[in-house]
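First up is the structure itself, then whatever we jot down about it.
Derivation of every value follows stated rules applied to the coordinates shown; laboratory data play no part. Computed from a predicted model, the values in this text were never measured in an experiment. All Cβ positions, glycine included, derive from the backbone under ideal geometry; neighbour counts span all protein chains shown.
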There are 2 protein chains.
Amino acid sequence: MSSKGMLIVLSGPSGVGKGTVRKAMLETSTVKFDYSVSMTTRNMRPGEQDGVDYYFRTNEQFENEIKNGGMLEYAKYVDHYYGTPLKYVQQKLDAGIDVLLEIEVNGAMQVREKMPNGVFIFLTPPDLPSLRSRITHRGTDDQKTIDKRMEQAKKEIAMMSNYDYAVVNDKIPNAVKNIEGIIRSEHLSVPRVIDKYKKIIGED
Amino acid sequence: MSSKGMLIVLSGPSGVGKGTVRKAMLETSTVKFDYSVSMTTRNMRPGEQDGVDYYFRTNEQFENEIKNGGMLEYAKYVDHYYGTPLKYVQQKLDAGIDVLLEIEVNGAMQVREKMPNGVFIFLTPPDLPSLRSRITHRGTDDQKTIDKRMEQAKKEIAMMSNYDYAVVNDKIPNAVKNIEGIIRSEHLSVPRVIDKYKKIIGED
């Protein structure tokens, strides 16, 4: 194993269920990782907690963080900022701990540029109709917002080619199992372990 | 999923236990694949069967196959030929079936050139002393052969950088589980599934 932690980026179209899968990962996953809580300026939804689901901040606070270079990535999406504070992520990786980010696709591409060694996982609906149905049934958005999200989703699926893995969110436990498998498997990838093995040859 | 099967190449230093792991994969693995039986000119060992462990052939027969372009890869190792007949592998892959090869490192590099989309897994001992001990305890080789194998193994571990994954053969079930995980995970890799998802966008 590399002495540094591995960055795992879970992303995908809005409405695909990233948050649900991420929560299931935290509750049931057998692989060890820390979750990096995102920062956002959108309103808190019922059941959400500050510092658990997101760090909820004002526009002004968020833009100050950007100015100060404190964001690993950020994006404005449906009129709100979403982003990842850099400091926490870097500390954990340096300590050898894997870090999971659950972020929007624009942000993921920013992370890819800054941390190309990360593992980029694209969570995807089995098909677009099911995405439409899932957004509609959430029942918190008007038709215009839904249409906007659908257009966005098409663009985002086209962006899949920028990711390492595509995981279908058909059933949550399947998605979790597949993501766990990817994490375990990536820990066996030669670029991540080669230094350890070079030592073995030297030690004989 | 891609409509074509995935080629899985299991390789590593002589004596590391490739054959044992491959047999355990065939007996206990929960992933589906066909095993490509290798061809060799070495003598049959007790318990081995022609067509199961290897196709056992004469030097003349083997060299004819090479001449006729019938080998996906081959290598001469400790005075004997080892190789993979191409025809079987290609038929299975075309039929959408994953194929597992268990081959020496020289051969694996030939396959990498011809089939770069394969998944290349390097089976490795936890350290070289344990490799030495394992070869010695097999008790079928003299000291000179053992020393020759050790030098070979050092070179082969240095070749690890040409592989995608390194799996430690500390305990067989662990190695099998890790290889299964790699196979599952690779089936989720974007280059292997992107065409399926491009259809999804088109179909909406």
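Brief remarks follow.
- Under the criterion of Cα pairs below 8 Å and six or more residues apart, the relative contact order for the range A:1-134 equals 43 percent.
- With Cα atoms as the point set, the radius of gyration and Dmax of the protein assembly as shown evaluate to 24.7, 79 Å.
- Each of the peptides A:99-105, A:4-10 was scored by the mean count of other Cβ atoms within 10 Å over its residues; in descending order, highest first, they stand as A:99-105, A:4-10.
- Two-decimal Rg to Rh for the range A:13-78 - Kirkwood Rh, Cα set: 0.99
- A simple count of charges around B:Lys92, restricted to other residues whose Cβ falls under 11 Å of its Cβ and scoring Lys, Arg +1 and Asp, Glu -1, yields -1.
- Unit charges at the beta carbon, dipole of chain B: most positive-side option, B:Gly70, B:Ser36, B:Thr145: B:Thr145
- Screening chain B for DSSP H helices whose Cα atoms reach 27 Å or more along their own axis and whose mean Kyte hydropathy is at least 0.0 gives nothing.
- Average beta carbon contacts from partner chains per residue of A:163-174, 10 Å cutoff: 3
- Rg over Rh [alpha-carbon atoms, Kirkwood Rh] for chain B: 0.99
- When B:Phe56, A:Phe120, B:Phe122 are sorted by how many other C-beta atoms sit within 10 angstrom of their C-beta, beginning with the fewest, the order is B:Phe56, A:Phe120, B:Phe122.
- The range B:82-103 and the range A:51-78 have Cα centres lying 51 Å from one another.
- For the range A:45-129, the Kirkwood hydrodynamic radius from C-alpha pairs, put into Stokes-Einstein at 10 °C and a viscosity of 1.306 mPa s, yields a diffusion coefficient of 110 µm² per second.
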